[in-house]
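The values are calculated or read from the model by the stated rules, or taken from the named source; none is laboratory data. What you see is a predicted model; the values in this text were computed from it and never measured. Backbone-built Cβ (ideal geometry, glycine too); neighbour counts: all protein chains shown.
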Amino acid sequence: MPYAEGTSVPVERTQMEIRGLVERYKGRGVLVGEDWQERAATVMFAMNGRRIRFKLSLTPENQLKGDRLARFHRERWRALFLTIKAKLVSAESGIEAFEEAFMAQTVMPDGRTVGEHALPTIALAYEGKEAGPLLTFGGGE
């Protein structure tokens with residue numbers, strides 16, 4: 001059973017809970033936005049000297065409408081809340097450093113996340129192809 005399947009918690013409440021959670025852990029500048037044209041949402045915040053960004057797809061695998069689509073969105077937002085909470089608890093408990101827990105979502109100076117930089121390079125490496133530098137800045141130096 002998928003996490004939060006059938007949840008009745010409204011999306012707006014989950015978004016407020018995400019804001020509260022980040023603020024409780026001393027985060028600041030929490031931004032929650034939705035782009036219905038792209039069918040995606042973004043949660044951004046600053047914490048421990050880093051900018052963190054989560055992108056949440058709001059596009060179901062099949063064409064859902066009405067109540068089923070709304071339920072899908074509620075479930076996705078609850079799963080994102082759990083993800084952020086788990087990473088914060090992991091860092092607070094010393095299981096991993098904050099930077100390790102949020103590595104893929106850390107925004108680099110060029111506006112892309114570490115995950116957006118690294119995933120194509122990792123895929124090439126597993127295909128046995130030579131990959132360039134993992135992260136490049138400016139002129140690629």
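Quick notes on this one:
- Considering (1) of a type outside the set (A, V, I, L, M, F, W, C); (2) part of a helix (DSSP H, G or I); (3) touching a residue at least 12 places away in the same chain (Cβ under 8 Å), the lone condition that ARG68 does not fulfil carries the number (3).
- Test: residue in region 63-80 that is more than 25 Å from THR7 (Cβ to Cβ) and touching a Gly at 6+ places or on another chain (Cβ under 9 Å): no
- From the list GLU99, GLU75, the one residue that fits, being among the acidic types (Asp, Glu) and at pLDDT 95 or above, is GLU99.
- Within region 38-55, if we keep just the residues that are surrounded by 17 or more Cβ atoms within 10 Å (Cβ to Cβ) and among the hydrophobic types (A, V, I, L, M, F, W, C), the residue that is farthest from LYS26 (Cα to Cα) turns out to be ALA41.
- Test: residue in region 102-109 that is modelled with pLDDT of 95 or more, in contact with an Asp or Glu (Cβ under 8 Å, 6 or more places away or on another chain) and aromatic (Phe, Trp, Tyr): no
- When ILE95 is tested against the conditions (1) in a loop (DSSP other than H, G, I, E, B); (2) in contact with a helix residue (DSSP H, G or I) (Cβ under 7 Å, 6 or more places away or on another chain); (3) over 23 Å from GLU116 (Cα atoms), the lone failure is (2).
- Residues (without any contact (Cβ under 8 Å) to a residue 60 or more places away in the chain and within 11 Å of the chain's Cα centre (by Cα)) located in region 78-98: THR83, LYS87
- Which listed residue, of THR136, THR59, is outside any helix (DSSP H, G or I), modelled with pLDDT of 85 or more and farther than 25 Å from TYR25 by Cβ: THR59
- Of the residues in region 6-19, at least one is in contact (Cβ under 8 Å) with a residue 24 or more places away in the chain, within 16 Å of ALA79 (Cβ to Cβ) and charged (D, E, K, R).
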